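A short write-up of the structure that comes next.
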Amino acid sequence: MSAPSRTRTVAGDAIRPDEPRPGDRTGAATGVARLPGRSLLRVGPASVQIRRRSVLVATVLTALLAVAIVLSLSLGTPYVAAPDVLRSLSGAGTPYDLVVLDLRLPRIVLAAVAGAAFGIAGTLIQSVARNPLASPDVIGITQGAGLAATVALTSGVAAALVGPAALAGGLVAAALLLALGARHGLAAQRFVLAGVAVAFALRALTEVVMLTADPIDGLRAQIWLIGTLAGKGWTETIWIAGTLLVLLPVLAWAGWALNSTALDDDTARGIGLRPVARRIGLAGTGVLVAAMVTAQVGAVDFVALVAPQVARRLVRAERPPLLCAALLGALLLVLADLAGRRLFAPTQLPAGVLTAAIGGPYLMYLLLRGRRRSS
């Protein structure tokens, strides 16, 4: 005797359980329902749904970043026309190869890579904290790196040791933050409050070190704390890009794991996830990236704060998108470095001054917006 066929009735029609429901936009070959605004991409036996608006925004940001890089390579003394810039980049050879390839390109590539790293770090930390105000420069990572760098710069150690010292300081601050925040499962509110407390304490210690140091050494530390790309290039780029390359499998996992950060713990456990371990993994990855990039380019504030939230609004998503935030961070830092070089030429402003000019008003906007929502 054959088993009876299990069916459901929807509006008078018999539907088998394995058939798509009426109104579902379903891939005929896979039977996987597509969500609105998404496309189904199949790679062998696996399939993934891609948000079409994310692809569009990422494409536009990539094009804008390419234009900004060419513009930054072109503007300066001497001025290099865009066609000559493109010929130099292609290896065709022009009289401007020294200016484009040796003097400007290393700094601009560093700006793009560092900005992308700041965008990634900010996305991971804000998603874990579920707070748009959470970023490495708000929760203490930047301040930890700054304290260690200030101690190194004011104690007469070799310049080559400033970067490793800053990296160690950022990681120590991150460990302290995670230890304080993880005592109750890395709850979002506790994580942010612990970070703000750590940031204030480390900033106060940095001021004490600077006030007791030699004035010249204190000025060097102050420039580092502002964040500048001047005098830096391929070495710093290799360190940041190498870190991102090593973490690439983790970042690929993070892009998927971020989808569950908006769930409460009970719901996440109900679908088989481990929310605390996942948040610690995401936060740990974010602070490691933030500590590395801060150690190489200094405390360039607000890129990690602004890029994720602007990217989220462009994509119209529930959480900051990782790739779009990275592209937007790269675009912001390239433009900030260009403005710092050209607005008051021949005087050059550190990139951190320009990013602070952007981020300060944006931070006030977030605070006022949050206050209006609360009221």
Residue pairs qualifying under the 6 Å Cβ cut-off, at least six apart or on distinct chains, with the first in region 136-151 being closer than 13 Å to Met292 by Cβ and of a type outside the set (A, V, I, L, M, F, W, C) and the second being open to solvent by less than 10 Å² (accessible area, probe 1.4 Å) and part of a loop (DSSP other than H, G, I, E, B), are Thr142/Pro136; Thr142/Ala299
Picked from region 303-319 (must be of a type outside the set (A, V, I, L, M, F, W, C) and without any contact (Cβ under 8 Å) to a residue 24 or more places away in the chain), the residue surrounded by the fewest Cβ atoms within 10 Å (Cβ to Cβ) is Arg313
Every listed condition ((1) more than 18 Å from the chain's Cα centre (by Cα); (2) part of a helix (DSSP H, G or I)) holds for Ile280 save (1)
Condition set more than 13 Å from Val67 (Cα to Cα) and more than 11 Å from the chain's Cα centre (by Cα), scope region 320-339, selection most open to solvent (accessible area, probe 1.4 Å): answer is Ala339
Here the qualifying pairs (Cβ atoms under 7 Å; residues six or more apart or on different chains; first in region 209-231 and under 17 Å from Ala111 (Cα atoms) and assigned to a loop (DSSP other than H, G, I, E, B); second open to solvent by 20 Å² or more (accessible area, probe 1.4 Å) and among the charged types (D, E, K, R)) come out as Gly227/Asp301; Leu229/Arg107
Filtering helices (runs of 4 or more DSSP H) wholly in region 63-170 for at least 2 residues that are under 25 Å from Gly360 (Cβ atoms) and either open to solvent by 50 Å² or more (accessible area, probe 1.4 Å) or not charged (D, E, K, R) (or both) gives 105-129, 141-154
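One residue is enough: does region 35-56 have a residue meeting the conditions at pLDDT 90 or above and open to solvent by 60 Å² or more (accessible area, probe 1.4 Å)?
Going residue by residue through region 35-56, those that are at pLDDT 90 or above are 56.
The next check asks that each one be open to solvent by 60 Å² or more (accessible area, probe 1.4 Å); those that pass are 56.
Yes, region 35-56 has at least one match.
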Pairs returned, first residue in region 243-255 that is farther than 19 Å from Gln296 by Cα, second residue that is of a type in the set (S, T, N, Q), beta-carbon separation under 8 angstrom, 6 or more apart or interchain, are Val250/Thr285; Leu251/Thr285; Ala254/Thr285
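May I ask you to list the residues in region 275-302 that are over 30 Å from Ala112 (Cβ atoms) and either modelled with pLDDT of 65 or more or surrounded by 21 or more Cβ atoms within 10 Å (Cβ to Cβ) (or both)?
Looking only at region 275-302, we keep the residues that are over 30 Å from Ala112 (Cβ atoms), and these are 275-277.
Result: Val276, Ala277.
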Residue count, region 313-358, condition over 22 Å from Ile125 (Cβ atoms) and of a type in the set (S, T, N, Q), comes to 2
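The values are calculated or read from the model by the stated rules, or taken from the named source; none is laboratory data. Computed from a predicted structure; not experimentally measured. Cβ atoms come from the backbone with ideal geometry, glycine included; neighbour counts cover every protein chain shown. All accessible areas refer to the heavy atoms of the entire protein, side chains included, with ligands and DNA or RNA removed. Shrake-Rupley method; radii C 1.70, N 1.55, O 1.52, S 1.80 Å.
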